[in-house]
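Engineer: Before we start, here is the structure in question, set down as structure tokens.
The values are calculated or read from the model by the stated rules, or taken from the named source; none is laboratory data. Keep in mind it's a predicted model, so treat the numbers as computed, not measured. Positions of Cβ are backbone-derived with ideal geometry, glycine not excepted, and every protein chain shown enters the neighbour counts. Note: areas computed on protein heavy atoms with side chains; ligands, DNA, RNA excluded. Shrake-Rupley method; radii C 1.70, N 1.55, O 1.52, S 1.80 Å.
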Amino acid sequence: MESLTLRASTAASPLQRRRLLPGRQRATYVRATASAGEPDLSVRVNGLQMPNPFVIGSGPPGTNYTVMKRAFDEGWGAVIAKTVSLDAEKVINVTPRYAKLRAEPNGAAMGRIIGWQNIELISDRPLETMLNEFKQLKKEYPDRILIGSIMEEYNKAAWHELIERVEESGVDALEINFSCPHGMPERKMGAAVGQDCDLLEEVCGWINEKATVPVWAKMTPNITDITQPARISLKSGCEGVSAINTIMSVMGINLKTLRPEPCVEGYSTPGGYSARAVHPIALAKVMQIARMMKEEFADGQSLSAIGGVETGNDAAEFILLGADTVQVCTGVMIHGYPLVKKLCAELQDFMREHNFSSIEEFRGASLPYFTTHTDLVHRQQEAVRQRKAIKKGLQSDKEWTGDGFVKETESMVSN
């Protein structure tokens with residue numbers, strides 16, 4: 001009844017009313033699902049309760065009812081559906097639309113996949129079809145987290161209509177696709193917004209005056225300073241940011257045909273790069289956003305990390321940098337939906353090794369150890385000076401102390 005009353009209130013602005021809704025809470029962590037003695041993977045982010053921090057990232061793994069149901073059945077903490085817009089008829093995909101990069105020389109067919117490129121667009125299914133499937137999923141899995149990913153043209157009324165219709169389907173939150181690196185930039189969609197901070201601020205304003213569920217803004221890495229759009233998104237009312245989306249790339253040239261990959265009727269176009277090879281880049285971008293959030297924002301905003309996650313240790317690295325959740329998309333396309341079981345087991349192994357009982361105990365633990373190169377030089381110079389002083393021993397009798405007498409004596413022994 002509280003939320004119904006607040007929605008009907010006329011005393012507060014839409015954004016203020018939204019802040020009071022039960023789903024729009026600060027990020028907290030609870031111990032609710034772990035068995036006795038087992039590290040607890042459960043998290044509560046922006047009021048959303050998840051059994052673990054592993055989230056299906058927006059893309060093919062969340063493209064329809066069947067695959068999203070499979071994700072819930074396998075145990076994923078949450079599912080972000082493939083991005084939808086009002087007019088799916090404008091979305092026309094091509095095939096082939098993926099290309100792989102393998103670790104072995106010359107792209108050996110059996111080599112490990114380390115890179116993945118796609119030129120796939122957002123969902124080409126009718127919006128009403130997707131919304132009906134969202135409703136069915138929430139009916140069957142009322143306690144599981146389903147997040148709608150949305151993207152629209154530069155039109156306030158269109159954004160408001162899309163938000164209203166997607167929210168009515170029962171989704172628990174929205175992720176705003178400000179970061180798709182290819183397709184429809186002429187319509188000011190995807191990265192065309194995320195790379196233009198003035199445009200981003202305006203569109204975020206439209207979104208946050210309408211939305212009544214938590215909003216995550218998905219960041220593009222194809223920008224000089226990723227903290228700028230992340231900062232604007234949070235200041236404009238978003239509860240969280242997701243990073244990173246794919247990196248603009250050309251996968252390669254077929255040296256037999258002399259044509260680019262993926263090859264469609266002899267031609268190609270730059271696309272988004274993902275998989276294991278982007279993990280170090282994603283770590284750097286997430287670290288930059290996490291530091292900015294810690295310095296400039298109070299607790300409550302969330303950070304969802306994305307990029308090359310295939311193991312529990314990959315996820316642990318993101319959490320150590322301050323991530324609340326970890327998204328996986330390409331990893332599912334390569335390894336399948338059961339991957340989540342491996343991720344959970346390996347993350348728990350890491351937690352046991354360090355005696356962590358919950359995610360919160362180590363979230364952001366590694367963030368303070370990043371600094372500037374100048375500071376590294378000063379730290380090393382000071383460390384060398386101290387080591388030399390210890391090795392040389394005392395220089396005069398006045399340097400002897402009572403507390404450190406034994407160590408001071410040993411510092412002047414040669415064997």
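Engineer: Hey, if we sort Cys180, Cys263 by accessible area with the 1.4 Å probe, largest down, what's the order?
Structural biologist: Cys263, Cys180
Engineer: Could you tell me which of rounded, prolate or oblate describes region 43-366, using a ≥ b ≥ c as the square roots of the eigenvalues of the alpha-carbon gyration tensor, with rounded for a/c under 1.5 and, failing that, prolate when a/b is larger than b/c and oblate otherwise?
Structural biologist: Taking the square roots of the gyration eigenvalues as a ≥ b ≥ c, region 43-366 is rounded.
Engineer: Rounded to whole Å, give me the distance from the Cα center of region 126-193 to that of region 296-343.
Structural biologist: Cα centroid of region 126-193 versus Cα centroid of region 296-343: 21 Å apart.
Engineer: Of the candidates Asn64, Asn254, Asn208, which one comes out as most mobile in a Gaussian network treatment of the chain with C-alpha springs shorter than 10 Å?
Structural biologist: Maximum fluctuation in the GNM of the chain, among the listed residues, is at Asn254.
Engineer: Give the lysines whose C-alpha is closer than 25 Å to that of Lys138, dropping any in the same chain fewer than 8 places away, or say none.
Structural biologist: Lys69, Lys82, Lys210, Lys218, Lys341
Engineer: If you don't mind, there's one more thing I want to ask. Hey, can you rank 209-216, 136-143, 398-405 by average C-beta count inside 10 Å, highest first?
Structural biologist: Descending mean neighbour count gives 209-216, 136-143, 398-405.
Engineer: How about Lys388: which lysines have a C-alpha closer than 29 Å to its C-alpha, ignoring those fewer than 8 places off in the same chain?
Structural biologist: Reachable lysines: Lys398, Lys407.
Engineer: Tell me whether region 85-205 comes out rounded, prolate or oblate; compute the Cα gyration tensor, take square roots of the eigenvalues as a ≥ b ≥ c, and use a/c under 1.5 as the rounded threshold.
Structural biologist: Because a/c hits 1.5 or more and a/b fails to exceed b/c, region 85-205 counts as oblate.
Engineer: Using a 1.4 Å probe over the heavy atoms of the protein chains, calculate the carbon and sulfur portion of the accessible area of the chain as a whole percent.
Structural biologist: Using a 1.4 Å probe with all protein chains present, the chain comes out at 53 percent carbon and sulfur.
Engineer: Would you kindly derive the ³J(HN,Hα) couplings of region 273-289 from the backbone phi angles with the Karplus curve 6.51 cos²θ - 1.76 cosθ + 1.60 (θ = phi - 60°), listing them in order in whole Hz, with x for Gly and Pro?
Structural biologist: Per-residue couplings from phi come out as 9, 8, 5, 3, 4, 8, 4, x, 5, 4, 4, 5, 5, 5, 4, 5, 5 Hz.
Engineer: On a straight-distance basis, which aspartates and glutamates could pair with Lys135 in a cross-link, Cα separation under 18 angstrom, same-chain partners fewer than 8 positions away excluded?
Structural biologist: Hits, sequence-local ones excluded: Asp73, Asp143, Glu161, Glu164, Glu167, Glu168, Asp172, Glu175.
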